[in-house]
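Here, each number is a calculation from the coordinates, and none is a lab measurement. The shown structure was predicted, so the numbers you read here are calculated from the model rather than taken from an experiment. Positions of Cβ are backbone-derived with ideal geometry, glycine not excepted, and every protein chain shown enters the neighbour counts.
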Amino acid sequence: MKKYLPVLVMTLCLNQAVFAGYPEGLAASNAGDYSKALLEWSAAAEIGNMDAQLGLAGMYQQGRGVALDDTDAAFWYRKAADQGSVAAQTELGLRYLSGKGVWQSHLFAAHWLGLAAEQGNATAQASLGQLYETGRGVMLDHIKAASWYQKAANQGNPAAQSALAAAYANGRGVTQDLKLAAEWYRKAAEQGDLTAQARLGSMYASGTGVPRDYAQAGEWSRKAAERGYADAQSLLAVLFYNGEGVAKDFKQAFNWASKAAAQGNIEASATLGLLYYRGNGTEQNFGAAATAFRKAADQGHTASQNYLGSMYEKGEGVTQSYRNALALYRLAAEKGYPGALYNLGVAFQVGTGIRRDVTLAYSLFNIAAATGHEPAKKKRNELLEQLSSRELDEGQVISTQWKVGTPLPLVTMTGRRY
């Protein structure tokens, strides 16, 4: 038995040596004496004290008592991570994601985050979920992504709760469930998650997954809008414009639409164009309206294409051009926008900038009328009494066979042209 005594004594001494210096360094750090903390933790870290390695990594990360150095911070996080520190594994994984102090590697990020996630770290679980969702460093797997989001969300991680909500909203990796999506967005939103606040506001505005509630839509949209979230600013502008959930206020609508449009939000550019065009919340300015509509129209916004087409037809804020007007109407009409179908129908009915073709006009009115567009219904019914049976037959065939997203005909066989 005695022959083992020296080994035991040596082991105890080594353990004491490993832990020596960390408590002193912690006390010094808490007292703001970073020079002493550096001295104590450096000595302890060199002989393998995991907590000292973590403390030293934090000092280099934050520049406390030393020059800020991400490479040295990553070095000591790696030392602690190799010893099984969950906090160090998580931090090292995040660093490999961003390339902070290490070369960027999604593969290494997935390795370290996976180790920490398996030990229950919520931040690592949420980040690992993102890797599985995007297929970075791991094989793309929406089911695994949702599983890791769920684990982190159950621990109250707001980013994971928001991501899990998106998974339920879109049916990615889980069965689509809009009610559950709203519930998880609310949990994340209540913790201040910006995306969750914006999307919860949108769900209340549309009645998706929750009963429609414009007051709630306004409340959550405002929270996100005030923090600069463009989609929320755009929605808030619409709520103020319509007086839904908030008092109607065109100046507020103009303010929020301007902020969102400046960030490139398409819907906000369309709203801003309408405010300028009608002089709501600002002075009427057709030139500014055309500019705003054009920004949205260029990105495929059908209502803006229709409005800008109308401005070209009338020469409001732009040089009058029937050719440009008809081209814009056509773009929006072929996407099924009722107002553009109607305007294009009128152009064919009266021959505005194009050869008159009442059969095609009838077809366009008929397509728009099927969406509930009342002026189109009226125009269609007027033409019913003017067209021959052959013209009506061809008009019916066009309107029933045409599909949204496909080209509209430019002429018909039977249409009367002058």
Packing-based ranking, highest mean first, of 389-402, 360-373 given that Cβ atoms within 10 Å are counted: 360-373, 389-402
Where only alpha carbons of region 216-291 are counted, the Rg and the Dmax (Å): 11.3, 36
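Counting Lys and Arg as +1 and Asp and Glu as -1, each charge on the Cβ, what is the dipole of region 61-103 about the Cα centre in debye, to the nearest 20? Working shown, then result.
Working: 5 positive and 5 negative charges, 9 e Å.
Using only the charged Cβ atoms, the result is roughly 40 debye.
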Matching label, log10 I(q)/I(0) by the Debye sum over Cα atoms at q = 0.06, 0.12, 0.13 Å⁻¹ computed from the structure shown, candidates (i) -0.27, -1.18, -1.40; (ii) -0.45, -1.06, -1.12; (iii) -0.21, -0.96, -1.17: (ii)
Mean-position separation - Cα centroids, region 98-130 and region 244-268, in angstrom: 39 Å
Percent RCO, i.e. relative contact order, over region 20-159, from Cα pairs under 8 Å lying at least 6 residues apart: 13 percent
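Do any of LYS179/LYS295; LYS151/LYS187; LYS151/LYS179; LYS100/LYS259; LYS100/LYS144; LYS36/LYS100 go past 23 Å between their Cα atoms, and which? Intermediate results must be reported in sequence, preceding the final value.
Numbers: LYS179/LYS295 35 Å; LYS151/LYS187 14 Å; LYS151/LYS179 19 Å; LYS100/LYS259 32 Å; LYS100/LYS144 26 Å; LYS36/LYS100 27 Å.
Distance filter (> 23 Å) returns LYS179/LYS295; LYS100/LYS259; LYS100/LYS144; LYS36/LYS100.
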Sequence-distant residues sharing a close amide H with GLY351 (under 5 Å, placed H): ASP357
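Sorted by packing (mean other beta-carbon atoms within 10 Å per residue), highest first, where do 99-105, 334-340 land? Don't skip to the answer; put the middle values down first.
Working: 99-105: 14.7, 334-340: 20.4.
The peptides rank, most packed first, as 334-340, 99-105.
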Rule-of-thumb Rg ratio for region 159-251 [Cα; 2.2 N^0.38 Å; N residues]: 1.04
Cα centroid of region 167-231 to Cα centroid of region 331-400, whole Å: 40 Å
Sequence-separation-based contact order of the chain, relative, with Cα cut under 8 Å and 6+ spacing, percent: 5 percent
Amide proton proximity set for ASP298, modelled H, under 5 Å, gap of 5+: none
Length released on extending from ASP393 to LEU410, taking residue separation times 0.36 nm less the Cα-Cα span: 4.4 nm
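Stretch ALA27-ALA247 to full length: gain in nm at 0.36 nm per residue minus the Cα-Cα span? The partial results should precede the final answer.
Details: separation 220, 0.36 × 220 = 79.20 nm, distance 5.62 nm.
That works out to 73.6 nm of additional length.
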Region 216-291 - charge dipole about Cα centre, Lys and Arg +1 at Cβ, Asp and Glu -1, debye rounded to 20: 100 debye
